[in-house]
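Quick notes on the structure that follows.
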Amino acid sequence: MRHVAIIGSGPAGYYTAEACQKLFGDGVRIDIIDRLPVPYGLIRFGVAPDHQSIKGVSRRYEAVALSDNVRFVGHVTVGSDVSIAELLELYDAVVLATGAPHDRPLGIPGADLPGVIGSAAFVGWYNGHPDFADLAPPLAGPNAVVIGAGNVALDVTRILSKTTEEFAGSDIAGHALAALEQAGIRRITIAIRRGPHQIAMTPKELGELGHLARATPHVDPADLPPAEEDAALDPGQRKSVAHLRDFAAPRAADAKPLTIDFDFFAAPIAIEGDGRVERIIVERTRLDAGGNAVGTGETYAIPANLVISCIGYRTPAIEGVPYDPRAGRFANQDGRIAPGLYAVGWARRGPSGTIGTNRPDGIAAAEQIAADIGESSGKPGRPGLDKLLSARGVDIVTFRDWQRIEAAEIARARPGSPREKFTTIGDLLAAIGRA
Ligand code: NAP
């Protein structure tokens, strides 16, 4: 029997469990450990609440979770409840699937002013993550600035723009819906440090901005390269740029109250304000021959009552695990960190790719485990962990417990919504009768 511990119950964790099941059949026992009392990581807390079809992948993970050789061990924090060194004593393989839940720092003066928020916090807030339930972002407006040219910048912009009616069918947290209903934002500037051909936004997500009930996207035609240059782009990128060209086309007088302004070639260099954010200073850039942004020395201010930085994420370090601070993830060689210790997903590769990109990581990890460890090392696995946790008074949340939490969230959903999430650890535990 092989004993495998997977740390993190998001996509990378479940794909690894699925791959281990396929490869080892009955010859494996897998514990998926998560610090939260709920599974699915990025699916529950990262994927936008109005993208329910993407969240549907959790049904596949549920099938894995409900099989006999897989167990969810919720509400257990690796680092404080149990250490990596202890897990390596208990299990044949320990796989870090901890994602990249921390914001990459902006690293410019004023970035710590109140009203400047990272996307991890803002996305966590509207998705009901217990760490961010109290965020209270300043939404009075009139000006918000979103930094970045990726899909997270688009998610954040769209969520700030939608009407209550447009959230029908979503599972946006009730506190976020109520706050957004009262918001007074009239202009969202998306500050992008390079040009239209360099965006990381994908076409479907970009196209959604063109269909918002109360917001109009706008691109300055002068920022667009000559149309014939689009031919050199790959097909997906060409579709994205086609949306930008559409957003640059002159429109009939538009009565929509909110404008989404794409500000290309604008690199943030400082954030200013008296006790809280009032403006962001950007430097006009141009592209060098390699397509990198180079400052031109010309600067200007964009008014901002709220700044949301969507410039990527980092994996938090764990004591005793080699870490690559430059890349913001665990130091690893194709997923191998140290004997018996592996990384998958964003903890391995950094924060890029779609949910499905994690699947090959899981398969690779299972194959590495097969190559590195024999049939059994005689390590104790599950019973050993249970003994250690119970000696420390740690009361785990099982998958059956989670199903009771889920049923309670479904029962209290707004009409038309799939669920109303509990947004504090206390409320999540109270739903299964724990104080
Ligand atoms: P991303 O796609 O890597 O985009 C990050 C953006 O931040 C880039 O445009 C980058 O610009 C910019 N940036 C980085 N440092 C900056 C700085 N110091 N100043 C200004 N701009 C800076 O990351 P993401 O948006 O966080 O998304 C993470 C992954 O999740 C991506 O693979 C994304 O596609 C995926 N995702 C998918 C969906 C979906 O499919 N619906 C939704 C959300 C996220 P440069 O290019 O100039 O460096």
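The values are calculated or read from the model by the stated rules, or taken from the named source; none is laboratory data. Predicted model only: the values in this text are computed from it and were never measured. Note that each Cβ is placed from the backbone with ideal geometry, even for glycine, and that neighbours are counted across all protein chains shown.
Taken residue by residue, the stretch 209-230 has at least one member that is part of a helix (DSSP H, G or I), over 27 Å from ASP134 (Cα atoms) and touching a Leu at 6+ places or on another chain (Cβ under 8 Å). Here is the figure for the stretch 304-357: residues that are among the charged types (D, E, K, R), in contact (Cβ under 8 Å) with a residue 12 or more places away in the chain and outside any helix (DSSP H, G or I) total 5. Set side by side, the residues GLU181, GLU208, GLU228 differ, and just one is within 16 Å of the ligand (Cβ to nearest atom), farther than 22 Å from THR299 by Cβ, assigned by TED's automatic domain parsing to the domain that holds ASN143 and charged (D, E, K, R), which is GLU208. For the stretch 148-170, does any single residue satisfy the condition of being over 16 Å from ILE260 (Cα atoms) and within 16 Å of the ligand (Cβ to nearest atom)? Yes.
Scanning the stretch 19-61 for residues that are part of a helix (DSSP H, G or I) and on the phi > 0 side of the Ramachandran plot turns up just one, GLY25. Every listed requirement among (1) at pLDDT below 95; (2) on the phi > 0 side of the Ramachandran plot; (3) not hydroxyl-bearing (Ser, Thr, Tyr) is met by GLY297 save one, (1).
Can you tell me which condition LEU135 does not meet? The list is (1) part of a loop (DSSP other than H, G, I, E, B); (2) without any contact (Cβ under 8 Å) to a residue 24 or more places away in the chain; (3) within 16 Å of the ligand (Cβ to nearest atom), and all the others hold. With (1) part of a loop (DSSP other than H, G, I, E, B); (2) without any contact (Cβ under 8 Å) to a residue 24 or more places away in the chain; (3) within 16 Å of the ligand (Cβ to nearest atom) applied to LEU135, the lone miss is (3). Among residues that are away from the ligand (no atom under 11 Å from the Cβ), surrounded by 14 or more Cβ atoms within 10 Å (Cβ to Cβ) and not assigned by TED's automatic domain parsing to the domain that holds ARG44, ALA173 is included.
Here is the figure for the stretch 300-352: residues that are over 22 Å from GLU367 (Cα atoms) and touching a Lys or Arg at 6+ places or on another chain (Cβ under 7 Å) total 10.
The number of residues in the stretch 399-435 being within 17 Å of ALA173 (Cα to Cα) and part of a helix (DSSP H, G or I) comes to 11. Inside the stretch 347-358, residues that are in contact with a Phe, Trp or Tyr (Cβ under 7 Å, 6 or more places away or on another chain) and within 14 Å of ILE43 (Cα to Cα) make up a count of 1. Could you say which residue among LEU160, LEU135 is touching a Phe, Trp or Tyr at 6+ places or on another chain (Cβ under 6 Å) and not assigned by TED's automatic domain parsing to the domain that holds ARG336? Exactly one of LEU160, LEU135 is touching a Phe, Trp or Tyr at 6+ places or on another chain (Cβ under 6 Å) and not assigned by TED's automatic domain parsing to the domain that holds ARG336, namely LEU135.
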